1. Any idea which of (1) under 20 Å from S4 (Cα atoms); (2) part of a loop (DSSP other than H, G, I, E, B) is the one L83 doesn't satisfy?
2. Sort out which residues of the stretch 77-101 are out of contact with any helix residue (DSSP H, G or I) (no Cβ under 7 Å at 6 or more places or on another chain), over 17 Å from Y45 (Cα atoms) and surrounded by 14 or more Cβ atoms within 10 Å (Cβ to Cβ), and write them in order of number.
3. Hey, among V96, V13, which residue is in a helix (DSSP H, G or I) and within 16 Å of the ligand (Cβ to nearest atom)?
4. Please name all residue pairs, on different chains or six or more residues apart, with Cβ atoms under 8 Å, provided the first residue is in the stretch 107-118 and is in contact (Cβ under 8 Å) with a residue 40 or more places away in the chain and the second residue is assigned to a strand (DSSP E or B) and among the basic types (K, R).
5. Looking at the stretch 115-147, which of its residues are crowded, with 19+ Cβ neighbours inside 10 Å and in contact with a His (Cβ under 6 Å, 6 or more places away or on another chain)?
6. Tell me whether the stretch 104-112 contains one or more residues that are surrounded by fewer than 20 Cβ atoms within 10 Å (Cβ to Cβ), away from the ligand (no atom under 16 Å from the Cβ), under 14 Å from the mean Cα position of the chain (by Cα) and within 20 Å of D57 (Cα to Cα).
7. Would you be able to tell me the number of residues in the stretch 16-42 that are touching a strand residue (DSSP E or B) at 6+ places or on another chain (Cβ under 9 Å) and either within 13 Å of the ligand (Cβ to nearest atom) or among the polar types (S, T, N, Q) (or both)?
8. Restricting to the stretch 63-74, give me the number of residues that are away from the ligand (no atom under 12 Å from the Cβ) and touching an Asp or Glu at 6+ places or on another chain (Cβ under 9 Å).
Amino acid sequence: MNFSRPTRPVDRVFLHCSASDLPEHDSVEIMRQWHKERGWRDVGYHYFIRKDGVIEDGRSLEETPAAQQGHNTGTIAICLHGLKRENFTKAQFESVIALCQAIDRAYDNQLTFHGHCEVSAKTCPVFDYKTVLGLTDAGERKNAADSSVQAEDQPMLN
Ligand SMILES: [Zn+2]
């Protein structure tokens, strides 16, 4: 997994879900279209993770996301396609774990990871991101020091 730090300061990563389970919405291009229809210049997220686990690039990492109202500065925003908790896939969780690991490592494991719901009344993401990513209450990755973390060790929902 390749990840290069943007030049803007980053100290937090936020997770989201797309609030759709429809296969025709399983693409960053649809998100981009929706967000542009809101008048934004680009999709609000930096990454979009499809049901098949493919990680698609969204907004440039050099740009602040439009994802957590009032809490966008200094963040990276990741969205997993899905609405119902039980419909997220093992492939998506493996991808988000690998992506967050790569991002955290690029910052010497100094980042914290959060759900959108921590700064919003929205139920987003709907999956148990703290368990999936193995987070402490402060949002630190518990196994950050272990570079050989196995995806199999993470509890999966399906
Ligand atoms: Zn969200």
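The values are calculated or read from the model by the stated rules, or taken from the named source; none is laboratory data. Bear in mind the structure is a predicted one, so any value in this text is a computation, not a measurement. Cβ atoms come from the backbone with ideal geometry, glycine included; neighbour counts cover every protein chain shown.
1. Result: L83 passes all but (1).
2. R85, N87, F88, T89, K90, A91, A98, Q101
3. Numbers: V13 fails: in a helix (DSSP H, G or I).
It is V96.
4. Between residues of the stretch 107-118 that are in contact (Cβ under 8 Å) with a residue 40 or more places away in the chain and residues that are assigned to a strand (DSSP E or B) and among the basic types (K, R), the close pairs are L111/R12; T112/R12; F113/R12; F113/R141; H114/R12.
5. H116, C124, P125
6. no
7. Qualifying residue count, the stretch 16-42: 5.
8. Of the stretch 63-74, the ones away from the ligand (no atom under 12 Å from the Cβ) are 63-64, 70, 73-74.
Now drop any that are not touching an Asp or Glu at 6+ places or on another chain (Cβ under 9 Å), which leaves 63, 74.
Total satisfying the criteria: 2.
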